[in-house]
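Here's the structure we're looking at; comments come further down.
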Amino acid sequence: MNASEGVAPAIESILAAADERGGGDRRLSVAARSLPAALAAAEEDGRVPVIGEIKPTSPTTDGRRDDDPVALAEALVDGGAAALSVLTEPDHFGGSPDALRQVRETVSVPVLRKDFIRREEQLDVVEADAVLLIAQFVDDLAGLVTAARERGFQPLVEVHSRAELDDALSAGAGIVGINNRDLARLDVDLSTFEELAPHAPEDVTLVAESGIASEEDAARMRRAGADGLLVGSALMAGDVAANTERLVGAER
Ligand SMILES: O=C(O)c1ccccc1NCC(=O)[C@H](O)[C@H](O)COP(=O)(O)O
């Protein structure tokens, strides 16, 4: 199936732009900070393991958050985020590889590169500790998982269905993000994580992605087995450090 078949028009446009973007001019070799270890360490010291996302805008966001990405990163870490995610997609999310580079130079927590990577050479655009690979949008998932690992990245494979979860596991993913956002309709339903999480093996690091807005949402995803929560919009609206602190302190 063509990756853009049956998806929202915004996604078609995102994928068309991704296909136009080039790669890096040399193969990267990264000494990654461990994302699973950072999530486990947060849990050990009583924090909800939040991956705080620097997300200037998106197709489902009203307005933009154009603050200095380094200041946003510092606020997320001050609020207790275990790790960060930085959008590098420029056309629909207002991100940039340079923002990620600056953030990773500033913080000591692991940083996930959030983009729509379709081809191996696109891995070589910027160093990060982890890279997002979206199962639905990658033709050779196992090949890209291997290519990411060969460069030192930790691949986080995003899924939204049981079939994609099986594909991610067959491709050897050790970190799986279950996206509560349906990329065909762009709506969010937290029960997606609850339905898929029981089908993942114990040794996989499971990240609940999207639509986590309140302490109750965070607690719900943790009860359903999330080892980490990827949160963007709810942290970007208003006081970033205070928003992060609130979710990091949510009870199970
Ligand atoms: O967030 C969007 O509007 C969006 C639209 C189309 C494709 C992907 C999109 N988001 C990417 C993400 O994965 C989220 O930024 C991330 O999971 C955080 O979600 P949220 O906490 O709901 O901002």
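The values are calculated or read from the model by the stated rules, or taken from the named source; none is laboratory data. Quick caveat, the model's predicted, so the values are computed rather than measured. A quick note on method: Cβ atoms are made from the backbone with ideal geometry, for glycine too, and the neighbour counts reach across all protein chains shown. Keep in mind that these areas ignore ligands, DNA and RNA; they rest on the heavy atoms of the full protein, side chains included. Shrake-Rupley method; radii C 1.70, N 1.55, O 1.52, S 1.80 Å.
The charge dipole of the stretch 24-118, taken about the Cα centre with unit charges on the Cβ atoms of Lys, Arg (+1) and Asp, Glu (-1), comes to about 420 debye, rounded to the nearest 20.
Each Cα pair under 8 Å and six or more residues apart adds its separation to the average, and for the stretch 1-148 the resulting relative contact order is 28 percent.
Mind checking the full-extension length gain between Ala242 and Asp67? Use 0.36 nm per residue of separation minus the Cα-Cα distance, one decimal, nm.
On the way: separation 175, 0.36 × 175 = 63.00 nm, distance 1.61 nm.
Answer, rounded to one decimal: 61.4 nm.
What relative contact order, as a whole-number percentage, does the chain give when Cα pairs under 8 Å and 6 or more residues apart are counted? Provide the component values of the computation, followed by the final result.
Values: 544 pairs, mean separation 56.0, N = 252.
This gives 22 percent for the chain.
Ligands, DNA and RNA left out, the accessible area of the chain computed with a 1.4 Å probe is 45% carbon and sulfur. Ordering 146-152, 49-55 by mean Cβ neighbour count within 10 Å, with the highest value first, yields 49-55, 146-152.
For the chain, what is the accessible area per residue in Å², given a 1.4 Å probe and the full set of protein chains?
Numbers: 10320 Å² over 252 residues.
Value for the chain: 41 Å² per residue.
Antiparallel as a % of all DSSP beta bridges within the chain, to the nearest 5?
On the way: 1 of 31 bridges.
DSSP beta bridges in the chain are roughly 5 percent antiparallel.
Derived from the Cα gyration tensor, the three semi-axes of the equivalent ellipsoid of the chain are 24, 21, 19 Å, largest first. The mean sequence separation of alpha-carbon pairs under 8 Å and at least six residues apart, normalised by the residue count of the stretch 163-252, gives a relative contact order of 25 percent. Along its three principal directions, the equivalent ellipsoid of the stretch 83-123 from the Cα gyration tensor extends over semi-axes of 18, 12, 9 Å, largest first. Between the stretch 177-252 and the stretch 1-64, the alpha-carbon centres lie 14 Å apart.
Quick check on packing: order 245-252, 232-239 by the mean number of other C-beta atoms within 10 Å, highest mean leading. List each step's numbers first, then the result.
Values: 245-252: 16.9, 232-239: 18.6.
Listed from highest to lowest mean packing, they are 232-239, 245-252.
Between the residues Ala18, Gly79, Ala135, the greatest Cα displacement towards the positive end of the dipole of the stretch 1-136, with unit charges on the Cβ of Lys, Arg, Asp and Glu, is found for Ala135.
Count the net charge of all other residues whose Cβ sits under 15 Å from the Cβ of Gly152, scoring Lys and Arg as +1 and Asp and Glu as -1.
Details: positive: Arg26, Arg27, Arg33, Arg104, Arg113, Arg149, Arg151; negative: Glu120, Asp124, Glu127, Asp129, Glu150.
Once all neighbours under 15 Å are counted, the net charge is +2.
For a quick protection proxy, order the peptides 57-63, 131-137 by their average other-Cβ count within 10 Å, most packed first. Could the numbers behind the result be given before it?
Numbers: 57-63: 14.3, 131-137: 23.9.
Top of the packing list down: 131-137, 57-63.
Within 12 Å, Cβ to Cβ, of Ala18, how many net charges do the neighbouring residues add up to if Lys/Arg are +1 and Asp/Glu are -1?
It works out to a net charge of -3.
Given the Cα-Cα distance of Arg149 and Asp182 and 0.36 nm per residue of separation, how much length would full extension add, in nm? All intermediate terms of the calculation are to be shown ahead of the outcome.
Working: separation 33, 0.36 × 33 = 11.88 nm, distance 2.72 nm.
Stretched fully, the Arg149-Asp182 segment lengthens by 9.2 nm.
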